[in-house]
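Student: The structure is given below, and queries will be raised subsequently.
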Amino acid sequence: MESLKAEGVKDVFGIPGGANLPTYDALYDADFRHVQVRHEQGGGHAAEGYAKASGRVGVAFATSGPGATNLVTAIADAMMDSTPTVFITGQVRTELIGTDGFQEADILGATMPFVKHSFAVTDPRQIPEYVHEAFHVASTGRPGPVLLDIPQDLSRADIDYLPRTEPVELPGYKPSTEGNIKQIRIAAKALASARRPIFYTGGGVVNANASEELRELAGSDRFPVTSTLMGLGAFPASSDRFLGMLGMHGTVAANWAMDRADLIVAIGARFDDRITGKLDEFAPHAKVIHIDIDPAEISKNVGAHIPIVGDVKQVLPKLTREYRALQTDSGRLEEWWSTLEGWKDAHPLYYEAGKDGEIKPQFMIEALHRASQGDAIVTSDVGQHQMWTAQYYGFDKPRRWINSGGLGTMGFGLPSAIGAKVACPSEEVVCVAGDGSLIMNVQELATCVTEQVPVKVFLMNNGYMGMVRQWQELFWDRRYSSVDMGSSPDWVKLAEAFGAKGMRCESSADLEEQMVAALEHDGPVLMDVRVAREENCYPMIPPGNAARDMVEAPRGAVSG
Amino acid sequence: MEAGTPQVVKLEDLHVAGQLSGRKHILSILVENKPGVLARVAGLFSRRGFNIDTLAVGPTDDPSVSRITLTLDGAVHPIDQVTKQLHKLVNVLKIRDMEPEETVAREMALFKVSSAVENRAEIIQFAEIFRAKIVDVARRTMTIEVTGSADKIEAFERMVRPHGLVEMVRTGEIAIGRGHD
């Protein structure tokens, strides 16, 4: 506990059980907040939401065996999205390890493929040291999850805590942060030669708190910017330099810009398959400057012509300085901008307006933007509603958009909203949920009520696992297999049963007004928003296709 | 202007550094001697789809450090990506991609060969040619210890196989950098 306090921990999420009883006994007297969640997966995602909203390390506790295995999805999720988190699991007593003891599971082995690092405590005196090392590894370099597994008898031992005076030193762990200045100079000169450059920015910019530095660099000339799903908000969506999100459900302008660019500057992004589409045909004319803190990301999927390994917060100002010093004529970018503007005008995000009060999902997100003044922290589950939120909410600030990008974990939205609200109690925290996803961690409504975490859940209810249905419609000949969610549950009654406020909205006419009422309510709210059932999420790069083959929403046709 | 940075960088002059080397690589990896380290290394290879050809683990002159020597095919895997992924493991201290001309590499193998009276002399002769040692003799078999490069061991295998190879055990290669005067 002392070690955690020394790391500045103010809040943790978890559930007690046999093997971590000693830890929970110590919590009884500790002066930080423990949020008692209802399922360990919820605790894990809450820790992630906490970390993503605040930038501080998120912490979750679980007991041994099933408690620990329930954390596995959250740990894998934190790995994929580089979320700084520390997971502390109880383990059976030392003498029982390896005997298939009650509630024994090899959680270290189970999570090895998707932790940044993990520690098995074998001596109680290791605990303070390992806690500090865990926080150091989780929060520095490319952030990620660290697991600390402590057998029950060892967490019980009384040891003296000696405050740490030296910084953590791990001989095999030394992230490079500065960026090679020669490479940065070459990059600046390549930018000066580029006639069709584009900045492709990712979650690394958010993690590094480098929004300001990105804006400076983009402002050093007329550079267009596109962002991945994870990077949204790092560059303001309302800026006229912003082309929108790229990738499978990105904008036409952003994807075509990548396709035609002569120079891509990848900043804290990893050329995921949802970005590149068909790899062989990705950005065929472009040279690549790749700036990333993780050297293994460089040339992993797409070869980098100018690799720069470093913390983007340190590298970007140097690149800005070097580029400015070249005093390049921005006139060379005029032709590129007229092309880009042409694409933006001809291919904006588009949806057919709902008729007779029908709520289109895109309209719902626009209404939420207005109702929350575009300034809420928004979490989401995974699916169509996630893509629509990314497309239509228009994030202007970093750490406002919290979702499961890499792993694509349904059920992420509600618990991560709880974490975000605990981290940032004075901010409005809303969760845009899908009906397929919400049910997967709906038990956390109880956490919202009993722990008084007033998050507002706006359920985009189309009665389907919508994204799977869309794929079945488009690529599987409309053979809808196991995607219809039926009419269960009654979400309003469910919310009320948990002690939260339940609301329902079925008409676009009063949606915004009701949303304002939900946001003004001083406790947790679940609003069941009935949206058009078979709306598809466009534009879309069909799987296995290249960016230039984007498909747009059919115009004039009646959807569904 | 700084040395090493050209005045103008033309995009058409930029290239991606080569990825596949096309040859066998020996990686000599120093790791912290802690529980689970081998599982982390082996797990990383299987998860990323890298194939290990041989693997040898042993202590070093420092008891807190172990050495993992592994060989893999650079025609199939980008070695650069393999070493970068390995470096991400916190317990991995140092990785050396051994340069073939600068390296002495050795492997040991034990061959149990069926040795009837009529072919015994020939097998003993093979062993002498290969500077191998006969370490066990029974009525129907002989066990021979061979040390050398992987190529040499494979050559020996080809020689004795027609006589009836009962069993073969190989250690996997270990390697050390050549000394410099």
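The values are calculated or read from the model by the stated rules, or taken from the named source; none is laboratory data. Since we're looking at a predicted model, the values are computed, not measured. Positions of Cβ are backbone-derived with ideal geometry, glycine not excepted, and every protein chain shown enters the neighbour counts. Surface accessibility is based on the protein's heavy atoms, side chains included, excluding ligands, DNA and RNA. Shrake-Rupley method; radii C 1.70, N 1.55, O 1.52, S 1.80 Å.
Student: Here are B:ALA42, B:ALA56: which of them is touching a residue at least 60 places away in the same chain (Cβ under 8 Å) and out of contact with any Cys (no Cβ under 8 Å at 6 or more places or on another chain)?
Tutor: Every option except B:ALA56 fails the conditions.
Student: Being out of contact with any helix residue (DSSP H, G or I) (no Cβ under 8 Å at 6 or more places or on another chain) and either hydrophobic (A, V, I, L, M, F, W, C) or crowded, with 18+ Cβ neighbours inside 10 Å (or both) is the filter here; which residues of the stretch A:315-345 pass it? So that I can check it myself, show each step before the final result.
Tutor: We begin by selecting, within the stretch A:315-345, every residue out of contact with any helix residue (DSSP H, G or I) (no Cβ under 8 Å at 6 or more places or on another chain); these are A:321, A:324, A:327, A:329-338, A:341-342, A:345.
Answer for the stretch A:315-345, where residues must be out of contact with any helix residue (DSSP H, G or I) (no Cβ under 8 Å at 6 or more places or on another chain) and either hydrophobic (A, V, I, L, M, F, W, C) or crowded, with 18+ Cβ neighbours inside 10 Å (or both): A:LEU333, A:TRP336, A:TRP337.
Student: Among the residues of the stretch B:99-117, is any within 14 Å of chain A (Cβ to nearest Cβ) and open to solvent by 40 Å² or more (accessible area, probe 1.4 Å)?
Tutor: Taking the stretch B:99-117 as the starting set, the residues that turn out to be within 14 Å of chain A (Cβ to nearest Cβ) are none.
Within the stretch B:99-117, none of the residues are within 14 Å of chain A (Cβ to nearest Cβ) and open to solvent by 40 Å² or more (accessible area, probe 1.4 Å).
Student: If you take the residues of the stretch B:1-55 that are more than 11 Å from chain A (Cβ to nearest Cβ) and under 30 Å from A:ARG185 (Cβ atoms), which of them is most open to solvent (accessible area, probe 1.4 Å)?
Tutor: Only one residue tops the list, namely B:LEU20.
Student: Can you tell which of A:ASP259, A:ASP273 is farther than 18 Å from A:CYS537 by Cβ, assigned by TED's automatic domain parsing to the domain that holds A:VAL302 and of a type outside the set (A, V, I, L, M, F, W, C)?
Tutor: So the residue among A:ASP259, A:ASP273 that is farther than 18 Å from A:CYS537 by Cβ, assigned by TED's automatic domain parsing to the domain that holds A:VAL302 and of a type outside the set (A, V, I, L, M, F, W, C) is A:ASP259.
Student: Exactly one of (1) under 24 Å from the mean Cα position of the chain (by Cα); (2) at pLDDT 95 or above is unmet by A:LYS278. Its number?
Tutor: Single failed check for A:LYS278: (2).
Student: Would you check if there is a residue in the stretch A:340-353 being within 14 Å of chain B (Cβ to nearest Cβ) and aliphatic (A, V, I, L, M)? Full working, then the answer.
Tutor: Step one: filter the stretch A:340-353 for residues within 14 Å of chain B (Cβ to nearest Cβ), giving none.
No: zero hits.
Student: Right, here's the next one. Quick one: A:MET79 ticks every box in (1) under 17 Å from A:GLU444 (Cβ atoms); (2) of a type outside the set (Gly, Ala, Ser); (3) surrounded by fewer than 24 Cβ atoms within 10 Å (Cβ to Cβ); (4) in contact with a Lys or Arg (Cβ under 8 Å, 6 or more places away or on another chain) except a single one, so which number is it?
Tutor: Unmet for A:MET79, out of (1) under 17 Å from A:GLU444 (Cβ atoms); (2) of a type outside the set (Gly, Ala, Ser); (3) surrounded by fewer than 24 Cβ atoms within 10 Å (Cβ to Cβ); (4) in contact with a Lys or Arg (Cβ under 8 Å, 6 or more places away or on another chain): (1).
Student: Here's a follow-up. Could you check the stretch A:12-42 and list, in sequence order, the residues that are outside any helix (DSSP H, G or I) and of a type in the set (Val, Ile, Thr)? Walk me through it before giving the result.
Tutor: Let us first name the residues in the stretch A:12-42 that are outside any helix (DSSP H, G or I), namely A:12-17, A:30-39.
Selection gives A:VAL12, A:ILE15, A:VAL35, A:VAL37.
Student: State which residue is modelled with the highest pLDDT when the search covers only the stretch B:3-57 and only residues that are among the charged types (D, E, K, R) and farther than 22 Å from A:LYS300 by Cβ.
Tutor: Only one residue tops the list, namely B:GLU32.
Student: Just a yes or no: is a residue in the stretch A:474-481 assigned to a helix (DSSP H, G or I) and either in contact with a Lys or Arg (Cβ under 8 Å, 6 or more places away or on another chain) or more than 30 Å from A:ALA51 (Cβ to Cβ) (or both)? Please lay out each step first, then the result.
Tutor: Residues of the stretch A:474-481 that are assigned to a helix (DSSP H, G or I), as a first pass: A:474-475.
Among the residues that remain, those that are also either in contact with a Lys or Arg (Cβ under 8 Å, 6 or more places away or on another chain) or more than 30 Å from A:ALA51 (Cβ to Cβ) (or both) are: A:474-475.
Within the stretch A:474-481, one or more residues are assigned to a helix (DSSP H, G or I) and either in contact with a Lys or Arg (Cβ under 8 Å, 6 or more places away or on another chain) or more than 30 Å from A:ALA51 (Cβ to Cβ) (or both).
Student: Next question, about the same structure. Residue check, A:PRO489 against (1) in a strand (DSSP E or B); (2) without any contact (Cβ under 8 Å) to a residue 60 or more places away in the chain, all met but one. Which one?
Tutor: (1)
Student: Hey, any hits in the stretch A:466-481 for a residue that's under 21 Å from A:PRO425 (Cα atoms), buried (at least 20 other Cβ atoms within 10 Å of the Cβ) and in contact (Cβ under 8 Å) with a residue 24 or more places away in the chain?
Tutor: No, the stretch A:466-481 has no match at all.
Student: In addition: Test each condition in (1) open to solvent by less than 50 Å² (accessible area, probe 1.4 Å); (2) over 24 Å from the mean Cα position of the chain (by Cα) for A:MET527 and report the one that comes out false.
Tutor: Unmet condition: (2).
Student: Let me ask you something else. Give just the number: which of (1) hydrophobic (A, V, I, L, M, F, W, C); (2) within 20 Å of A:ALA296 (Cβ to Cβ); (3) surrounded by fewer than 22 Cβ atoms within 10 Å (Cβ to Cβ) does A:VAL146 not satisfy?
Tutor: Failing condition for A:VAL146: (3).
Student: A further question follows. So, in the stretch B:56-87, of the ones that are more than 18 Å from A:PRO113 (Cβ to Cβ) and among the charged types (D, E, K, R), which residue ends up surrounded by the fewest Cβ atoms within 10 Å (Cβ to Cβ)?
Tutor: Here the residue is B:ASP61.
Student: Would a scan of the stretch A:545-560 turn up a residue that is open to solvent by 60 Å² or more (accessible area, probe 1.4 Å) and in a helix (DSSP H, G or I)?
Tutor: There is at least one residue in the stretch A:545-560 that is open to solvent by 60 Å² or more (accessible area, probe 1.4 Å) and in a helix (DSSP H, G or I).
Student: Taking the options B:GLU154, B:GLU145, B:GLU122, name whichever one is in a strand (DSSP E or B) and among the acidic types (Asp, Glu).
Tutor: Values: B:GLU154 fails: in a strand (DSSP E or B); B:GLU122 fails: in a strand (DSSP E or B).
B:GLU145 is the lone residue from the list that is in a strand (DSSP E or B) and among the acidic types (Asp, Glu).
Student: Right, something else. Please verify whether the stretch A:233-250 includes one or more residues that are in contact (Cβ under 8 Å) with a residue 24 or more places away in the chain and more than 24 Å from the chain's Cα centre (by Cα).
Tutor: No, every residue in the stretch A:233-250 fails to be in contact (Cβ under 8 Å) with a residue 24 or more places away in the chain and more than 24 Å from the chain's Cα centre (by Cα).
Student: For the subset of the stretch A:289-311 comprising residues that are at the interface with another protein chain (Cβ under 8 Å from one of its Cβ atoms) and in contact (Cβ under 8 Å) with a residue 12 or more places away in the chain, which member is nearest to the chain's Cα centre (by Cα)?
Tutor: The selected residue is A:ASP294.
Student: Quick check on my filter: what residues within the stretch A:250-268 are crowded, with 24+ Cβ neighbours inside 10 Å and within 14 Å of chain B (Cβ to nearest Cβ)?
Tutor: A:ALA261, A:LEU263, A:ILE264, A:VAL265, A:ALA266
Listed here are the residues, each with its yes/no results for (1) in contact (Cβ under 8 Å) with a residue 60 or more places away in the chain; (2) over 30 Å from B:GLN19 (Cα atoms); (3) within 23 Å of the chain's Cα centre (by Cα).
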position	(1), (2), (3)
B:LYS88	no, no, yes
B:VAL92	yes, no, yes
B:PRO100	yes, no, yes
B:VAL104	yes, no, yes
B:ARG120	no, yes, no
B:ILE129	no, yes, no
B:GLU145	no, yes, yes
B:ALA150	yes, no, yes
B:VAL166	no, yes, no
